[in-house]
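Here the structure comes first, spelled out in structure tokens, and everything after it is commentary.
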Amino acid sequence: MDAPACGAKSSIQRRYRVASASEGRGTERETSEDLIVPAKQGKRSHATLWRKGGPKPTDPVEGKMPGTPSPTNVSTKLHRIATLAREAPQRALTTLAHHIDAAFLREAFRRTRKDGAPGVDGQTAAAYAEDLEHHLGSLLDRLKSGTYVAPPVRRVYIPKDERGATRPIGIPAFEDKVLQRAIAMVLDAVYEQDFLACSYGFRPRRSAHQMLQTLWEEVMRFRGGWILKVDIQSYFDTIDHHHLRRILDQRVRDGVIRRMIDKWLNAGVLEHGSVTRPDTGVPQGSGVAPLLANVFLHTILDAWFEQVVRPRLDGEAALYRFADDLVILCAVERDAQRLMTVLPKRFAKYGLTLHPTKTRVIRFTRPPFIPQGPRAKVPSGPETFELLGFTHYWGRSRQGNWVVKRKTAGKRLSRALQRFNAWCRSHRHAPVAWQHQQLVQKLRGHYAYYGITGNEQRLRRVQWEVIRLWRKWLNRRSQRRSMRWERFARLLEQYPLPRAKIMRPAVGT
């Protein structure tokens, strides 16, 4: 630091309330058999419904007389699909693709992200929108006639953690994104009637914060317990296509939709100039991949746990899953150990592998009550666990009671600061006003996710580190160190960064 500028730096630190080094510390660790289908296909369950006067797939859900179809909007079509799926939960639906028309594709285009990277054909959303009606009409004709050719997915790698690990991401062509969005809209209407309350990932009106809050409430109601932290190795890349098709057969047998799903599974991946066609996996980044991944885990885990496992346990248990991030909370240690034994066999039956060290049973029982002040330290005993970017640990409330607290996981904190540092470095020559605008958006995005009750100190640390990094790289715009603390303090008055703020207060903490 600049020696004569210590006073200005101290004033900035006081202004932004820099987090002290004595913030709460916990042990931060990375911890992130039968198919429930009819044994015999036989006659479809809907045949019995028809004899009993139940609705046929071709009957109008709204009760209108058959004849010339009246114009309906997309939401009405999705409502009809959902109603049919809800009224016959055991029926395999065979007529769904007729709901997809030009208006449906237009709505799918509206819902498709426009600022993503282009696929193998290099076409952007802006170029596709120049002649939108023609493109959508051609896409609809190729879909219905079966002549649509799914292009391979362009694979890129993004950083996964600070140790240099990467995560493969698939980038489909833009037209493929639109069609995948349309198919996903239809499948969402069907499977939302089947998905259980324990599933939160990639579902409408559900979020990671809802899962975190529900888990917090259950742990507090259990007064602690035993956490089975499950980590599936390379889940999206190891989904078995054969098992996935068998699972889809139980609910969706529409020829057009199933043909398109098969084309996407067999489209291949473009990497380093060559196309490979793996027998397993769905590319992360495609519009239909999250839904297929949810359907797969719903059958082999969620429904199995609710229908087969829970009735056989000695105590209470609850499953919480966000895509492939999942934990099982058990009130009795014996139940957690039994699940630890059977889960690897269950997943192996469907071609999935659990991480041998990250999948483990964690003791998360509430510490014994000791009448001490609110600043008393947690005695040794209960461990901590990480889920959805937060470290969960036991701490004292303001009244001195033991409560579950959450703070930004150490790896996520380091990764966020590295990204801020890399961004400030690569954009240090841009206009200061533009840099300020971008940093404000990035900080607000960070606060929006990590701004939960009990995480104030780590939010303030991120805020202060961003201030320090911004000054550091502004000083490297030239060979002269011109951004001293006094001048930088005046710049912050003109371009203030948002203060750390709790955006999602938890109930009862």
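Remarks
- Computed accessible area, D314, all protein chains, 1.4 angstrom probe, square angstrom: 100 Å²
- Listed residue pairs exceeding 26 Å between alpha carbons, taken from K160/K229; K160/K349; K263/K358; K114/K472: K160/K349; K263/K358; K114/K472
- For region 195-332, the residue among N294, C330, F222 whose Cα projects farthest onto the positive side of the dipole built from Cβ charges is N294.
- Here the calculated FRET efficiency for S482 and S274, from their Cβ-Cβ distance with R0 = 60 Å, stands at 0.75, rounded to the nearest 0.05.
- Across K177, K349, the residue with the most accessible area heads the list, and the full order at a 1.4 Å probe is K349, K177.
- Model label zone, V332; criterion: amide N under 19 Å from point 7 Å along Cα-to-beta-carbon; scope region 343-365: 343, 361-365
The values are calculated or read from the model by the stated rules, or taken from the named source; none is laboratory data. A quick note: this is a predicted structure, and the numbers were derived from the prediction, not measured. Glycine also receives a Cβ, built like all others from the backbone with ideal geometry; neighbour counts cover every protein chain displayed. Side chains included, ligands, DNA and RNA excluded: accessible areas come from the protein's heavy atoms. Shrake-Rupley method; radii C 1.70, N 1.55, O 1.52, S 1.80 Å.
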